[in-house]
Amino acid sequence: MDWNLVSFVTSGKMRFQILIELNKKETIPSELANLIGAPISHISTSIKELEDKNLIKCLTPERRKNKYFQITSLGKETLEFINKETKTN
């Protein structure tokens, strides 16, 4: 496991929460904002950071609004590792 990715995700509560929600289903930023209870601007920033690390991907990149996002296999692996580590500690 890439410990830098683990540290990246766990150092930002919002990034971690976005991964958790996208692990349940694909969704749009405004829905993530409602689920997490955070401003859309913070969600958008975290989405960009997660995309840059290939932890999530946009399913509708040609759209300007209502872009759907999905967790990647790397994102799932990282999330599973974090969850496993927190249960064993």
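What residue, among those in region 6-26 that are crowded, with 17+ Cβ neighbours inside 10 Å and in contact with a Phe, Trp or Tyr (Cβ under 9 Å, 6 or more places away or on another chain), is farthest from Thr86 (Cα to Cα)? Step by step, filter region 6-26, then rank; the result is Leu22. Return the residue satisfying two criteria in turn: it lies in region 52-65 and is on the phi < 0 side of the Ramachandran plot and surrounded by 11 or more Cβ atoms within 10 Å (Cβ to Cβ), and of such residues it is farthest from the chain's Cα centre (by Cα). Ranking the candidates gives Arg63 first. Figure legend. Inter-residue proximity from region 25-38: first residues farther than 18 Å from Glu51 by Cβ, second residues modelled with pLDDT of 95 or more and in a helix (DSSP H, G or I), beta-carbon distance below 9 Å, spacing 6+ or different chains. Indicated pairs: Leu35/Gln17; Leu35/Glu21. From the list Ser46, Ser41, the lone residue that is of a type outside the set (A, V, I, L, M), exposed (fewer than 15 other Cβ atoms within 10 Å of the Cβ) and assigned to a helix (DSSP H, G or I) is Ser41. Considering region 53-89, and only residues there that are outside any helix (DSSP H, G or I) and among the hydroxyl-bearing types (Ser, Thr, Tyr), the residue that is nearest to Gly12 (Cα to Cα) turns out to be Thr72.
The residues of region 25-51 that are under 11 Å from the mean Cα position of the chain (by Cα) and not polar (S, T, N, Q), listed by number, are Glu26, Pro29, Leu32, Ile43, Ile47, Lys48, Glu49, Leu50, Glu51.
The values are calculated or read from the model by the stated rules, or taken from the named source; none is laboratory data. Computed from a predicted model, the values in this text were never measured in an experiment. Note that we place each Cβ from the backbone using ideal geometry, even for glycine, and neighbour counts take in every protein chain shown.
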